[in-house]
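Peer 1: This is the structure I want to talk about, given as structure tokens.
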Amino acid sequence: MQRIELERYLAAFETWARVADQDVAIAQSIAHVAVHLRATYQGEVEIEALCKASLAWLRARRLPLPDVGKSCLLGRLIYSGEELRTRPCPIHQGHWSGCSPHACPAGCGWGMNLTGWLPNDHVDAWPEQGGDAQLAALEDAVRENFTADQLAVYADRLISLGDPRGELISLELAMRDAPTEAQRVRYEALLATCFGDLRSTAVDELRSTRGIGARAAVELGFLAVDAREVRDLRKIYNAHHGRYLRRLAIRGEASMCRDAFAMLSLRRHAWLERITIVQEPVPHYDYDVNAETARAVFAATPCLGSLAVTGRHVITAAELPLRWLWMSELESVRFEHAPHLTTLVLAVTQLDQDFAAVVDGLVRRAPLLEAIHVPAAAMAGIEVAHPTVRVRAT
């Protein structure tokens, strides 16, 4: 029979009563039975014995019984020895979400329970790299100006530090013109060394980094991933070089797109520059990504400059920290302020006569907006005399 320290057992019930917002009578019952248990037991005690003794003592005195039911929280505190979880899961957002045979990709599960909270020991960052001031400066330069010249200098520094990813980048730059067979063979070997855990098509397991296969491409030493499942993000997080995600496409039904986007808030994505979301049509019109989730994701993606969204009512955000935005519909993304936005592409099929008012609203919310690109077909019969509007052929 499983045993537990008496004080940990009592602390678990006190925590449960507080977190579950139990009334005063229940809290008093727990306090009274604690006195009895301390007088009767000490040290490690069988959990079943403590439970039986507590219930018998409370019933004999007709005191209110804690209605613990099948409390997932008590189970974690008592049987797993966990501390109270304090960080909401980005997918289940602090709400117990039932039982499922499929584990939560963000890691909030306990057994089959989707607890809604991440374990306190949840790893939310890739292992730290060795501190090298010159490399850090070069990384900043590459993020600012992603050119072949900058990448070549960056690759040389990685090579000098013994990082095979440096040779991978340098070799890919050299292979742009008539690559030799020897170069191709060496490149494939380096690709397997640096990113093989993501590109493998071996057995697809949630906690492994395998199974994305061809949907994880490598471009000049950085990842471009086409995610079709939320677990694809978990595989990137488990990958040795997952930190180098630069472009991400999320494609699928609404809940999958919402959850995969929310997963981005778990890690700091120092290189992620562009996100594409292709959401399948949905029958409702609620915005699937709320402002709180969007804020958390944008905080975790400091280099994000471009966002392309297909679908209706996909994201709502208080502030968009973007320079470039592409939307399939006017209602794809709703935002209150976009202080850095310079280019907006509307790939719409039809616009209403009040489009001029829409443009005025966009300009107010995005003061640096230089151009709103719209298809000529969608502008048929509509006149908008605004300097930002650019009509393009379709």
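Peer 1: Residues that are aliphatic (A, V, I, L, M), at pLDDT 95 or above and within 17 Å of the chain's Cα centre (by Cα): does the stretch 276-287 have at least one?
Peer 2: From the stretch 276-287, those aliphatic (A, V, I, L, M) are 277-278, 282; that's our starting set.
With at pLDDT 95 or above added as a condition, the list becomes 277-278.
Narrowing the set further to residues that are within 17 Å of the chain's Cα centre (by Cα) leaves 277-278.
Yes, that holds for at least one residue.
Peer 1: Considering each of 290, 238 in turn, give the residue that is free of Cβ contacts under 8 Å to residues at least 40 places away in the same chain and either in contact with a strand residue (DSSP E or B) (Cβ under 9 Å, 6 or more places away or on another chain) or over 21 Å from residue 366 (Cα atoms) (or both). Explain how you work it out, then say what you get.
Peer 2: Numbers: 238 fails: free of Cβ contacts under 8 Å to residues at least 40 places away in the same chain.
Among 290, 238, only 290 is free of Cβ contacts under 8 Å to residues at least 40 places away in the same chain and either in contact with a strand residue (DSSP E or B) (Cβ under 9 Å, 6 or more places away or on another chain) or over 21 Å from residue 366 (Cα atoms) (or both).
Peer 1: Is one or more of the residues making up the stretch 92-104 among the hydrophobic types (A, V, I, L, M, F, W, C), within 29 Å of residue 24 (Cα to Cα), within 24 Å of the chain's Cα centre (by Cα) and surrounded by fewer than 18 Cβ atoms within 10 Å (Cβ to Cβ)? Don't jump to the end; show me each part of the working.
Peer 2: Of the residues in the stretch 92-104, the ones among the hydrophobic types (A, V, I, L, M, F, W, C) are 96, 99, 103-104.
Add one more test, that the residue is within 29 Å of residue 24 (Cα to Cα), and what stays is 96.
Within this subset, residues satisfying the condition of being within 24 Å of the chain's Cα centre (by Cα) are 96.
Then keep just the ones that are surrounded by fewer than 18 Cβ atoms within 10 Å (Cβ to Cβ); that gives 96.
Yes, because at least one residue in the stretch 92-104 is among the hydrophobic types (A, V, I, L, M, F, W, C), within 29 Å of residue 24 (Cα to Cα), within 24 Å of the chain's Cα centre (by Cα) and surrounded by fewer than 18 Cβ atoms within 10 Å (Cβ to Cβ).
Peer 1: What pairs can you find where one residue is in the stretch 373-394 and assigned to a loop (DSSP other than H, G, I, E, B), the other is charged (D, E, K, R), and their Cβ atoms are less than 7 Å apart, with a gap of 6+ or different chains?
Peer 2: Note: pairs meeting the criteria are 376/392; 388/370.
One line per residue, one yes/no per condition, for (1) closer than 17 Å to residue 2 by Cβ; (2) buried (at least 17 other Cβ atoms within 10 Å of the Cβ); (3) basic (Lys, Arg); (4) in contact with a Gly (Cβ under 6 Å, 6 or more places away or on another chain):
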position: 60; (1), (2), (3), (4): no, no, no, no
position: 65; (1), (2), (3), (4): no, no, no, no
position: 77; (1), (2), (3), (4): yes, yes, no, no
position: 85; (1), (2), (3), (4): no, yes, yes, no
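Per-residue answers, yes or no, for (1) at pLDDT 90 or above; (2) surrounded by fewer than 15 Cβ atoms within 10 Å (Cβ to Cβ); (3) in contact with a strand residue (DSSP E or B) (Cβ under 7 Å, 6 or more places away or on another chain):
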site: 170; (1), (2), (3): yes, no, no
site: 183; (1), (2), (3): yes, yes, no
site: 213; (1), (2), (3): no, yes, no
site: 227; (1), (2), (3): yes, no, yes
site: 247; (1), (2), (3): yes, no, yes
site: 252; (1), (2), (3): yes, no, no
site: 259; (1), (2), (3): yes, no, no
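Peer 1: Quick one: would you say residue 338 is surrounded by fewer than 18 Cβ atoms within 10 Å (Cβ to Cβ), in contact with a strand residue (DSSP E or B) (Cβ under 8 Å, 6 or more places away or on another chain) and small (Gly, Ala, Ser)?
Peer 2: Numbers: surrounded by fewer than 18 Cβ atoms within 10 Å (Cβ to Cβ): no; in contact with a strand residue (DSSP E or B) (Cβ under 8 Å, 6 or more places away or on another chain): yes; small (Gly, Ala, Ser): yes.
For residue 338, the condition - surrounded by fewer than 18 Cβ atoms within 10 Å (Cβ to Cβ), in contact with a strand residue (DSSP E or B) (Cβ under 8 Å, 6 or more places away or on another chain) and small (Gly, Ala, Ser) - is not met.
Peer 1: Now for a separate question. Report those helices (runs of 4 or more DSSP H) wholly inside the stretch 1-91 carrying at least 1 residues which are within 32 Å of the chain's Cα centre (by Cα) and in contact (Cβ under 8 Å) with a residue 60 or more places away in the chain.
Peer 2: Working: elements: 6-19, 24-40, 47-60, 72-79.
In the stretch 1-91, the matching helices (runs of 4 or more DSSP H) lie at 6-19, 72-79.
Peer 1: Pick from the stretch 140-153 the residues that are in contact (Cβ under 8 Å) with a residue 12 or more places away in the chain and out of contact with any Gly (no Cβ under 8 Å at 6 or more places or on another chain): which of them is surrounded by the most Cβ atoms within 10 Å (Cβ to Cβ)? Spell out how you get there, then give the answer.
Peer 2: Step one: of the stretch 140-153, the residues in contact (Cβ under 8 Å) with a residue 12 or more places away in the chain are 141-143, 146, 148, 150-153.
Going one step further and asking which of them are out of contact with any Gly (no Cβ under 8 Å at 6 or more places or on another chain), we end up with 141-143, 146, 148, 150, 152-153.
Values: 141: 16, 142: 20, 143: 16, 146: 16, 148: 11, 150: 16, 152: 13, 153: 12.
Residue satisfying both the conditions and the ranking: 142.
The values are calculated or read from the model by the stated rules, or taken from the named source; none is laboratory data. As the structure is a prediction and not an experimental result, all values here were calculated from the model. In this analysis, Cβ positions are derived from the backbone assuming ideal geometry, glycine residues included, and neighbour counts consider all displayed protein chains.
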